[in-house]
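Q: Dropping a structure here in structure tokens format, bear with me for questions.
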Amino acid sequence: MLTKFPLILLLCLSLFYCAACTKTPHDGEKGSDVTIVFTHGKIPGDYEQFKRILRQFERENPGIRVADRTLPSSTDEQHQFYVINLDAGSKDFDVLSMDVIWVPEFAMAGWLRDVSGLLSESELDDIFPGPLEAVTYMGKRYAVPWYIDAGLLYYRKDLLDDIGAKPPKTWDELVRTARLITERSKGIYGFIWQGKQYEGLVCDVLEYLWSHGGNVLENGKVVLHSPENVRALTFMRELIVRDRVSPEIVTTLVEESSRHIFGNGRAVFMRNWPYAWNIFERDGSPVKGKIGVAALPSAAGHPSASTLGGWQIGINRHSKHPDAAERFVRFLTSRESQKTLALTVGYKPTRRSLYSDADLKRQQPFIASLHDILLNARPRPVSPYYMMMTQILQPEFSAAIAGIKKPSDALMSAERQVQHVLGVRP
Ligand code: GLC
């Protein structure tokens, strides 16, 4: 529950990371070759495909090599790594991938190079507005949107067809359908999602708050303790203890653990980001051909809401190779690389025109239907203080979902603390 981020693990990671850096070839080792270090989270699925893209960059840019370093998949752990290293003025990495929620904080701290000039006007017009806003701080852009995420409902087409059910539009329909199927097929969970205490939980909870008509901030006012939010958080708890469609272990799940359960055919419904689809459709996958994807359900009378996620590429202000780093950022976020990453790794492009690309539509027919979900995905508060807010929200939401606090108490406590952080009077 109230665990702190695994600091020890992170410190070890920093030490390991620095040891690894000493093996990286530096400038001048081989003529005028430059090696840029690219840090990023764990690549889901086929890492070799990702490596191929890096090698393509090296072929197209003789004299520049890319050493890539993988950090843990958890966004919270990556954030700790960057805060420790960037704050210390580390020059050990040049290019970094950043969660959509970090850029204003990193930009305000002066840790990133201004990359406003990297994209042309027509490219900017093509990029989804949400990620573009997230990389902008005080009128300048400090990263280039790389891939976009939004919460989706994955469902087992075959199991729904067996009982003649359609993908649910409301949360109550989801509960009914999940119960009907789990009563017939024992040993399968109804609905799994990300319930561990971490950033992913905040993403999930926001989708319930919004789809019940609630919110976190409105016109600068903290509105966490509202009847809508209490209903939403109560509903999440009831999924586990009253409706019993979500197992207790949902409070330990993150994206990858839920993806494994669903991918092994052990759940009817799952909330997750778009990347999972490519993995389910690979040869040998137990659920290949059996998966449908839809917008998340909502409470009756309210629209569906997905949290905006995704990752952006920026440059360490202390990079010793800013020109090579800029070339790499341009390459990795280009239309061509985004298309390749969509086809291989499953990262969804931030360039909107790719959603009508013929190859992508042929290989991932659901991509066209994702466009509007991604366009309407709702951002977490875009603020340099977001990480302080989420560190308040995570334990409070977790306590409500685990049944340790009443939803109303958790929301009231979260509201007071967020007001304090934002300096807003109650
Ligand atoms: C995904 C999203 C990111 C979010 C994270 C939460 O990586 O892209 O925005 O913060 O999941 O676990």
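Q: Based on alpha-carbon centroids, what's the gap between region 113-131 and region 280-336 in Å, whole number please?
A: 16
Q: What is the packing order of peptides 309-322, 246-259, taking the mean over residues of other C-beta atoms within 10 Å and listing the highest first? Please report the intermediate quantities before stating the final value.
A: Numbers: 309-322: 22.2, 246-259: 19.6.
So the peptides 309-322, 246-259, ranked by packing, come out 309-322, 246-259.
Q: Round to the nearest 10 and give me the degree value, 0 to 90, for the angle of helix 199-210's Cα axis relative to the longest principal axis of the chain.
A: Result, in degrees: 50.
Q: Under the Kirkwood approximation for Rh and a Cα-based Rg, what ratio Rg/Rh is obtained for region 150-289?
A: Values: Rg = 15.4 Å, Rh = 15.7 Å.
For region 150-289, the value is 0.98.
Q: When the Debye formula is applied to the Cα atoms of region 237-292, each taken as the same point scatterer, what base-10 log of I(q)/I(0) results at q = 0.24, 0.27 Å⁻¹?
A: Normalising to I(0) and taking log10 leaves -0.96, -1.12.
Q: Calculate the spin-label point distance for residue 219 paired with residue 124, positioning each point 7 Å from the Cα along the beta-carbon direction, and give it in nanometres.
A: Each label point lies 7 Å from its Cα, and together they span 3.1 nm.
Q: Return the Cα extents of region 316-382 along principal axes one, two and three, sorted largest first, each rounded to a whole Å.
A: Projected onto its principal axes, the Cα set of region 316-382 covers 43, 32, 18 Å.
Q: What is the antiparallel percent of DSSP beta bridges lying wholly in the chain, to the nearest 5?
A: Details: 27 of 42 bridges.
Of the beta bridges lying entirely in the chain, close to 65 percent run antiparallel.
Q: Working from Cα positions, state the angle (0 to 90°, nearest 10) between the long axis of helix 367-376 and the longest principal axis of the chain.
A: 90
Q: If one takes the longest principal axis of the Cα atoms in the chain, at what angle in degrees, from 0 to 90 and to the nearest 10, does the Cα axis of helix 47-60 lie?
A: Roughly 30 degrees, rounded to the nearest 10.
Q: Give me the compactness ratio for region 239-395, meaning the Cα radius of gyration over 2.2 N^0.38 Å. Working shown, then result.
A: Working: Rg = 18.4 Å, N = 157, 2.2 N^0.38 = 15.0 Å.
The value comes to 1.23.
Q: Would you calculate a helix-derived [θ] at 222 nm for the chain, using -39,500 (n - 2.57) for each DSSP H run of n ≥ 4 and dividing by the full residue count, to the nearest 500?
A: Numbers: 18 runs with 190 residues, N = 426.
So the helix-based figure for the chain works out to -13500 deg cm²/dmol.
Q: Rounded to the nearest angstrom and ordered from largest down, what semi-axes does the equivalent ellipsoid of region 87-142 get from its C-alpha gyration tensor (root of 5λ)?
A: Values: eigenvalues 93, 30, 21 Å².
Square roots of five times the eigenvalues give 22, 12, 10 Å.
Q: As an exercise, take the mean of 1/r over every pair of distinct alpha carbons in region 107-197, invert it, and state the Kirkwood radius in angstroms.
A: Details: mean 1/r = 0.0581 Å⁻¹.
It is 17.2 Å.
Q: Name the residues of region 155-189 whose amide N is less than 14 Å from a point 7 angstrom out from the Cα of residue 238 along the C-beta direction?
A: Residues 171-176 fall inside that zone.
Q: Output the direction-averaged projected area (hull surface divided by four) of the convex hull of the alpha-carbon atoms of the chain, in nm².
A: Details: hull surface 82.8 nm².
Result: 20.7 nm².
Q: Most exposed first by the Cβ proxy, i.e. fewest other Cβ within 10 Å, how do 375, 341 rank? Intermediate results must be reported in sequence, preceding the final value.
A: Details: 375 15, 341 22.
Ordered from fewest to most neighbouring Cβ atoms within 10 Å, 375, 341 come out as 375, 341.
Q: Translational diffusion coefficient, Stokes-Einstein: compute it for region 40-133 using the Kirkwood radius over C-alpha pairs as Rh, at 10 °C and 1.306 mPa s, and state it as an integer in µm² s⁻¹.
A: On the way: Rh = 15.5 Å.
Reported coefficient: 102 µm²/s.
Values quoted throughout were computed directly from the atomic coordinates according to the rules given, and no laboratory measurement underlies them. These figures come from a predicted structure and were not determined experimentally. In this analysis, Cβ positions are derived from the backbone assuming ideal geometry, glycine residues included, and neighbour counts consider all displayed protein chains.
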